[in-house]
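Chemist: Okay, handing you the structure first.
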Amino acid sequence: MSQSPLARYHAGLEAERSVARAYLRQGYTFVTHRFRGSSGEIDLIMQDGAQIIFIEVKKSKSHAKAANALSARQIDRIMITAAEFLDGDERGLDSDCRFDVALVDEAGHIDVIENALSV
């Protein structure tokens, strides 16, 4: 049986919170959640020292299904939105950053792929 849109929304929020907690346990600093730019949204932005980490969280029944849910169009939007975020940073587009994808399965297990998206 398929989840209702509201249930999917809340499941997605909880997946994002779980991923944020996992990064925090590893010593990262929380920057923002659901950053909105003119082209889209970035689920999480964390920081590790001077490096900014843009994180796309994908939740599905399995990690493979979650990974397959990331489209080229969505990647383009993430990149444009990240550039908008970096416009507000003192180093601008010269900032040290990376793009991670965090896959969350139906059991709540998290698999983070660091540098999954490259510019």
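Chemist: Using DSSP to call loops (not H, G, I, E or B), can you name the trypsin sites (Lys or Arg not before Pro) in segment 17-80 whose Cβ has at most 15 other Cβ atoms within 10 angstrom?
Modeler: LYS61
Chemist: Now, a different point. Please enumerate, by chain and number, the aspartates and glutamates with C-alpha under 17 Å from the C-alpha of LYS59, excluding those fewer than 8 residues away in the same chain.
Modeler: Reachable aspartates and glutamates: GLU14, GLU16, GLU41, ASP43, ASP100, ASP105, GLU106, ASP111, GLU114.
Chemist: Residue by residue, what Karplus-based ³J(HN,Hα) values in Hz, rounded to whole numbers, does segment 41-56 have, using 6.51, -1.76 and 1.60 with θ = phi - 60° and x for Gly and Pro?
Modeler: 9, 10, 4, 9, 10, 10, 9, 10, x, 8, 7, 9, 10, 8, 10, 9
Chemist: Based on DSSP H runs of at least 4 residues, each adding -39500 (n - 2.57), what is the mean residue ellipticity at 222 nm of the chain after dividing by all its residues, to the nearest 500 deg cm²/dmol?
Modeler: Result for the chain: -11500 deg cm²/dmol, rounded to the nearest 500.
Chemist: Give me the percent of the accessible area of the chain that comes from carbon and sulfur atoms, probe 1.4 Å, all protein chains in place.
Modeler: Answer for the chain: carbon and sulfur cover 50 percent of the accessible area.
Chemist: Which of the chymotrypsin sites (Phe, Trp or Tyr not before Pro) found in segment 1-107 are loop residues per DSSP with 12 or fewer other Cβ atoms within 10 Å of their Cβ?
Modeler: none
Chemist: Given charges of +1 on the Cβ of Lys and Arg and -1 on the Cβ of Asp and Glu, with all other atoms neutral, how large is the dipole of the chain about its Cα centre, in debye to the nearest 20?
Modeler: 540
Chemist: How much of the pair distance distribution for segment 1-88 lies past 22 Å, counting alpha-carbon pairs only, in percent? Write out the running numbers ahead of the final one.
Modeler: Numbers: 1173 of 3828 pairs.
Distances greater than 22 Å cover 31 percent of the Cα pairs.
Chemist: Per residue, how much accessible area does segment 23-119 show when a 1.4 Å probe rolls over the protein heavy atoms, in square angstrom?
Modeler: Values: 5450 Å² over 97 residues.
That works out to 56 Å² per residue.
Chemist: Please name whichever of GLY40, PHE85, ASN68 sits farthest to the positive end of the charge dipole of the chain, dipole taken about the Cα centre and charges placed at Cβ: Lys and Arg +1, Asp and Glu -1.
Modeler: Value: ASN68.
Chemist: Give the distance, in whole Å, between the Cα centre of segment 1-72 and the Cα centre of segment 91-119.
Modeler: 9
Chemist: Once R0 is set to 25 Å, what does the formula 1/(1 + (r/R0)^6) return for the Cβ-Cβ distance between ARG73 and HIS33, expressed as a FRET efficiency to the nearest 0.05?
Modeler: Working: r = 22 Å, r/R0 = 0.89.
Once rounded, the FRET efficiency stands at 0.65.
Chemist: So, one more: What distance in nm lies between label points placed 7 Å from Cα along the C-beta direction at ILE113 and ARG25?
Modeler: Label at ILE113, label at ARG25, 2.2 nm between them.
Chemist: Give me the mean projected area, in nm² to one decimal, of the convex hull enclosing the Cα positions of segment 59-119. If you can, show how the numbers build up before the last one.
Modeler: Numbers: hull surface 17.7 nm².
Across all orientations, segment 59-119 yields a mean hull projection of 4.4 nm².
The values are calculated or read from the model by the stated rules, or taken from the named source; none is laboratory data. Everything quoted here is computed from the prediction, not taken from an experiment. Every residue, glycine among them, receives a Cβ derived from its backbone with ideal geometry; neighbour counts consider all protein chains shown. Areas reflect the complete protein model, heavy atoms only, side chains present, ligands, DNA and RNA absent. Shrake-Rupley method; radii C 1.70, N 1.55, O 1.52, S 1.80 Å.
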